[in-house]
Amino acid sequence: MLIRSYAKINLFLKIRNKRQDGFHNIETLMTPINLFDLLKVKKSKEFCITCNDKNIPVDENNIISKTFALIQKKYNPDRLVDVSLYKNIPSGAGLGGGSSNAAAFLQITDKLFGLNMGFDEKIEIMSEVGSDTVFFLYNQPAFVRGRGEIVDKTAVLPSFYILLVKPPVTVSTSGIYSDKNLTLTPYNPVSNMHPVLNYGDVLDSMDNGLQNVVFERHPETGMIKEKMLALNADAALLSGSGATVYGIYSSKKYLNKAYDYFKMFGRNNFVYKTENINNVI
């Protein structure tokens, strides 16, 4: 069985208080985008993961392994699985590639073994696996709160073009969240958001509480944002904890010009142009 595993961007990301479990409460608006990995899963006598990206672990440290361990504990399927993972989403990008892989794997394994999981059961498993994995069970624009496990899918977004640029740097998410210069947001912006956002609302809401810390640690990310704005992006922002910076455009002409620039002058960068998608279930 074959399934797509979609990436996301954060249109805003507010960092609230630190929790007793060591994580931070967040408030964010995420949307899936038309960039995806492919997972092929089949029943097997041995558990195995293969991946085209050699930087991705294929042992017990892979999030798919962790997900299957929870499935085994709860449902005891009669076989193991052979997983072929084809990565298009770069790792360490702030695009949710690993979390998306976990959710897609859960969905396809449920069908493969006929487990008939309830949606609440899927949420429970994903909440154990990672912080933002629950969002990828919905795969539609959503306000997300808590550690990333509380999903409000009332958000409705317009369509727009997106340019993704990830420089060849690795960002430590835990390091960013523990940085002394991290600024917390003391108010609740999500409760003040209208469910239906027009393009102007999207532009006005764009903010990332992690951005300044990442830009200070990795100046090339800030330079990418500045160049996107100079190349007529309507707005540009760091996604998640980075290292991807994205620009959004209402004009395909400006999108293509910026894409050509970054492809030509940033040969070591990951550069991709795409669109947001309102529902991929």
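The values are calculated or read from the model by the stated rules, or taken from the named source; none is laboratory data. Because the structure is predicted, anything quoted here is derived from the model rather than measured. Using ideal geometry, Cβ is built from the backbone for each residue, glycine included, and neighbour counts are taken over all protein chains shown.
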Problem - Test result for Lys227, within 25 Å of Ile89 (Cβ to Cβ) and either modelled with pLDDT under 95 or not assigned by TED's automatic domain parsing to the domain that holds Gly97 (or both) - result: yes
Practice task
Filter segment 237-259 for residues that are among the hydroxyl-bearing types (Ser, Thr, Tyr) and not in a strand (DSSP E or B) and give the result.
Solution key: Ser239, Ser241, Thr244, Ser250, Ser251, Tyr254, Tyr259
Exercise for the section: Go through segment 38-70 and give me each residue that's in contact with a Leu (Cβ under 9 Å, 6 or more places away or on another chain) and either β-branched (Val, Ile, Thr) or within 28 Å of Ser205 (Cβ to Cβ) (or both). Expected result: Val41, Ile49, Thr50, Ile56, Val58, Ile64, Thr67
Problem - Any strands (runs of 3 or more DSSP E) falling wholly within segment 4-118 and containing at least 2 residues that are free of Cβ contacts under 8 Å to residues at least 12 places away in the same chain and not small (Gly, Ala, Ser) - result: none
Practice task
Could you please give the count of residues in segment 141-175 that are under 29 Å from Asp260 (Cα atoms) and in contact with a Lys or Arg (Cβ under 8 Å, 6 or more places away or on another chain)?
Solution key: 6
Practice task
Go through segment 245-281 and count every residue that is of a type in the set (Val, Ile, Thr), surrounded by 17 or more Cβ atoms within 10 Å (Cβ to Cβ) and modelled with pLDDT under 95.
Solution key: 1
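Among the residues that make up segment 166-177, is at least one of them of a type in the set (Phe, Trp, Tyr) and modelled with pLDDT under 95?
Among the residues of segment 166-177, at least one is of a type in the set (Phe, Trp, Tyr) and modelled with pLDDT under 95, which makes the answer yes.
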Completion exercise
Among (1) closer than 30 Å to Val196 by Cβ; (2) at pLDDT 95 or above; (3) in contact with a Leu (Cβ under 8 Å, 6 or more places away or on another chain), Arg16 falls short only on (2)
Problem - Thr133 being of a type in the set (S, T, N, Q), under 22 Å from Ala236 (Cβ atoms), out of contact with any Pro (no Cβ under 6 Å at 6 or more places or on another chain) and outside any strand (DSSP E or B) - result: no
Completion exercise
Scanning segment 192-210 for residues that are surrounded by fewer than 20 Cβ atoms within 10 Å (Cβ to Cβ) and either on the phi > 0 side of the Ramachandran plot or in a helix (DSSP H, G or I) (or both) gives Asn192, Tyr199, Gly200, Asp201, Leu203, Asp204, Ser205
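Okay, residues lined up against (1) surrounded by fewer than 20 Cβ atoms within 10 Å (Cβ to Cβ); (2) of a type in the set (A, V, I, L, M); (3) on the phi > 0 side of the Ramachandran plot:
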position: Thr67; (1), (2), (3): no, no, no
position: Gln72; (1), (2), (3): yes, no, no
position: Pro77; (1), (2), (3): yes, no, no
position: Val81; (1), (2), (3): no, yes, no
position: Leu85; (1), (2), (3): no, yes, no
position: Ser91; (1), (2), (3): yes, no, no
position: Gly94; (1), (2), (3): no, no, yes
position: Lys122; (1), (2), (3): yes, no, no
Practice task
Write out, first by first residue and then by second, each pair whose Cβ atoms fall under 6 Å of each other, whose residues are 6+ apart or on separate chains, and whose first residue, in segment 211-229, is crowded, with 17+ Cβ neighbours inside 10 Å while the second is polar (S, T, N, Q) and assigned to a helix (DSSP H, G or I).
Solution key: Val214/Thr221; Phe215/Thr221
